[in-house]
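Laboratory data are not the source of any read-out in this text; all were calculated from the coordinates shown. All values derive from a computational prediction rather than experimental measurement. Here Cβ is always computed from backbone atoms with ideal geometry, including for glycine, and neighbour counts include all displayed protein chains.
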Amino acid sequence: MNSFKASWCRHSLRMVPSSTGSRQVPTEWLRRVTEDQSEPPRLYAWRLTNLPDGANYARKPLEVGEIPNPDNERRRIYILGVGNIGRLYASFLAKNDSRPPITLVVHRRELLDQWKAHPGIELVRDGKTERNPAFRIEWWADAQPMHGPVREPGSGCGISNLIVATKAPDAIPQVDRVRRYLDSRSTVAFAQNGMCKLWPPLGEAYVAARFGQGKGPRWLACVTTHGVTSLGPFQSVHASPADVRVGSVMVRGGDGWDGNDNDGDKDDYLAEQIVGAPGLAARRVATRELWVAQLEKLVVNAVINPLTAVLRCKNGEVFEERGDGLGGVVEMLVEEASRTLRALVGHRSSEGILFAQDKDGKSGVVTRAAAEERLERTREELLERFSSARLRTMLYSVGEKVAANTSSMLQDVQAGKKTEIEDFNGWLVETAQYLGDEGGLPVNKKLISLIEDGAARTRDELVKELQSSRG
C-alpha cells in the first residue's frame, strides 16, 4: 500500500472509536482490508469444459475458436451469486431487446455439475415456469483446472460489468477477491439486501486502499423490492413482482460540497441494461434517493425478517393484532431504527449525500451559503421522513403487500444457512454505536442473539423476551 493510501485509510479509521464494549466497531471489515497488503489472488474461471468428463483434450492456454472478443467482453454481464436475486436479474436481463452476453458465476464446483446435468434457470411466474439455459456458467477458483482450457475471469480482458448478487455478508469479500480483474473501466452493481458498505464515510477508504484514491470501478447499488422464493438450485418463484431502483453509491466532494450541485450520475451500459430489462421494472434514481431507499428497505428487513425467522411464520402474521403485544415489539424496533437513522442524517459523514443533486437532475455552481441552506432544508425533510410515525406507515404498507411471502431470513433458517442478521439489525446496532448512541438498541441486540442462536419462539415468548431486553 503506498503512503497516500495508508494515510487516507488511517484518517478514515480515526473517524470511528477503536472499540465499543465486546462488539467490534463498524470498521472491522475495513480494518481487515487496510491491514492486508497482499497481492490480489489470481483466479481461474472453470467452465463445463473443465469438468473431467466434459473435456476430451489436454489443457491448453486457449482453445482454437475461443479467442475472446473484446467487444463481447465489454458488453458481457457477470452475475456473481446465483441465488434468488441472481436468478431474477439473469432471467430478465436475458429478455432485453439487445440481449447482453451473460455469465453466471457460482460459488461451488458442484453447481457446475448440476448445471451440466440439468442446464437452465427456472423462474415460476403467475403459475407458469420459464426456463432459460442460454447462459455461460463459471466457477472462479484459486486452483487451475486439470482438464480443458485455462482461463481467468474476464477471459484476459478484465471484468467490465459485474452484478454482485451474493448474500450481504459476502458482497465486499467477493469483490475484494476479484479486484485483480476490476479497474476504472469496470462497473460493479450491488444487488443484495442491507446497506451497501461503500456509502460514505467508509466507502472511499476502501476504494483508496484497494484501487487508489479517485480510481477503481464505478459503484452502483440496486434496491430490489421483488419477492422471490427458492425452489432449489437454479429454481425460484417470482412471488411478488415489484420494482428496482438503481443509482451511484459514491458522491463527489470530500467535505460534502465542491461548488457543483451535480452528484455525477450519468447513463452507463450496466445501468441501462438493468433499467431496460423487461420484468425488473427498474429505474435510475439520484444518489440521495437511492440512499434513502436503502435505509427504508433496511427498516423493513430489520423488522419482518428476524421476527418471521424466530416465529417461523409468513410475513403477514407479524402484523396481525392478536392482543399479545407483538405490535408493541414492532413499535420498539421501529423506534430504535428511527432514532438511528435520524442521528445519521444529522451526522457530518452524511453531508455529501445530502448535498447530492435532486431527482430532477438540476446542477450548476452554487454559493456555499446557498448550499448550506439547502443542506438544512434537506436534513429537515429526511428527519421527518425517518420519524417513527412515517417509518411505521411505510412498514405496514410494505407488510400488507408481502403478507403471503416467506422472508429471506426464514428461508435461510429453514435451509440451515447463515442469515443476514448482521447486515440488517447488526448494521443498525453498529451505526448507533458509531454515532455515539449511549442507550444502544437493546431490542435489536436481543433479536440478533435469538437469530444467531437459531431460536424458535411462540408470539407470547418472543414478546416477553424482547420487552424485558429494555430493562
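Here are some notes:
- Rg and Dmax of the range 135-208, both derived from C-alpha coordinates alone, stand at 13.9, 45 Å.
- Efficiency of FRET from Cβ geometry, Glu372 and Ala239, R₀ 56 Å, rounded to 0.05: 0.75
- Rounded to 5, the percent of DSSP beta bridges in the chain classed as antiparallel: 45
- Pairs exceeding a 24 Å alpha-carbon distance, out of Lys95/Lys116; Lys297/Lys464; Lys116/Lys197: Lys297/Lys464; Lys116/Lys197.
- Here the scattering of the range 397-471 is modelled by Debye summation over its C-alpha atoms, one equal scatterer each and no solvent; at q = 0.18 Å⁻¹ the log10 of I(q)/I(0) is -0.89.
- Multiplying the residue separation of Lys464 and Ala281 by 0.36 nm and subtracting their alpha-carbon distance yields 61.7 nm.
- Protection proxy ranking, peptides 219-226, 269-276, average beta carbon neighbours within 10 Å, highest first: 219-226, 269-276
- Label zone of His118 (point 7 Å out along Cα→Cβ, amide N under 12 Å): in the range 224-238 this covers 231-236.
- Residue ranges 178-186, 158-166 sort as 158-166, 178-186 when ordered by packing (mean number of other C-beta atoms within 10 Å per residue, highest first).
- Helix content alone sets the calculated 222 nm mean residue ellipticity of the chain: runs of n ≥ 4 DSSP H residues at -39500 (n - 2.57) each, divided across all residues, give -12500 deg cm²/dmol.
- Over the range 290-468: Rg over Rh, Cα atoms, Kirkwood Rh: 1.03
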